[in-house]
Amino acid sequence: MTERTFSILKPDATERNLTGKINAVIEDAGLRIVAQRRIRMTEAQAKTFYEVHKDRPFYGELVGQMTSAPVVVQVLEGENAVAKYREIMGATNPEQAAEGTIRKLFAKNVGENSVHGSDSQDNAKLEIAQFFTEDQIVG
Ligand code: CMP
């Protein structure tokens, strides 16, 4: 089934000029980038986005990291886009990520892990709506 997922190319990736290289992995996997914008995430946006992690010990570090440099927010579309993107991102901790995955190729550590992808279709809808209006998504 064709579906959408939400992606963020994180500060550690934009700082190292990896936007194009990561987008190439995404497109080579058959996912279509149907919306994309480079933004400086505000503290309020980062706090809301990661609210599910607010009680975790790394929450402050995570919010600080996500607001430290520009990010690229994206909507990806394709067959089973949520699961497919998680597969090509690799494990959250790059030390556990499979060969050829984005995190294995590019991530620095578990905090600076280059990309975010939605973990479910419901969350994908919520996350997309936080950054894009429907008319900004061109499928
Ligand atoms: P992401 O997919 O964006 O969702 C939550 C983020 O929290 C995760 O990627 C990591 O960047 C970060 N994270 C998860 N576990 C840790 C950890 N143990 N230490 C620091 N950051 C973490």
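Points to keep in mind about this one:
- Dipole orientation for the chain: of the candidates ILE102, GLY30, GLY64, GLY64 has the Cα lying most toward the positive pole (charges on Cβ; Lys, Arg +1; Asp, Glu -1).
- Percent of alpha-carbon pairs separated by more than 13 Å within the range 8-49: 62 percent
- Global form of the range 33-96, assessed from the alpha-carbon gyration tensor, a/c cut-off 1.5: oblate
- When Rg and Dmax are taken over the Cα atoms of the chain, they come to 13.8, 39 Å.
- Label zone of ASP122 (point 7 Å out along Cα→Cβ, amide N under 18 Å): in the range 1-44 this covers 4-6.
- Only helices enter this figure: runs of n ≥ 4 DSSP H residues, each worth -39500 (n - 2.57), summed and divided by the residues of the chain, yield -10500 deg cm²/dmol at 222 nm to the nearest 500.
- Per the Cα gyration tensor, the range 85-139 maps to an equivalent ellipsoid with semi-axes of 26, 11, 10 Å, ordered largest to smallest.
- Segment ARG37-VAL110, extension gain: residue separation times 0.36 nm, minus the distance between their alpha carbons: 23.9 nm
- THR2 versus ASP55: modelled label distance in nm, points set 7 Å from Cα along the beta carbon direction: 4.1 nm
- The stretch between ASN17 and ILE137 holds 40.8 nm of extra length on full extension. This uses 0.36 nm per residue minus the Cα-Cα distance.
- This model, with +1 at the C-beta of Lys and Arg and -1 at the C-beta of Asp and Glu, gives the range 3-139 a dipole about its Cα centre of some 320 debye.
- Size of the range 1-76 as Cα extents on the principal axes (Å, biggest first): 36, 31, 18
- For the range 44-139, the list of GluC sites (Glu not before Pro) that fall in a loop by DSSP and count at most 13 other C-beta atoms within 10 angstrom reads GLU99.
Laboratory data are not the source of any read-out in this text; all were calculated from the coordinates shown. The structure presented is a predicted model; accordingly, all values stated were derived computationally and were not measured. FYI the Cβ positions are ideal-geometry reconstructions off the backbone, even for glycines, and counts take in every protein chain you see.
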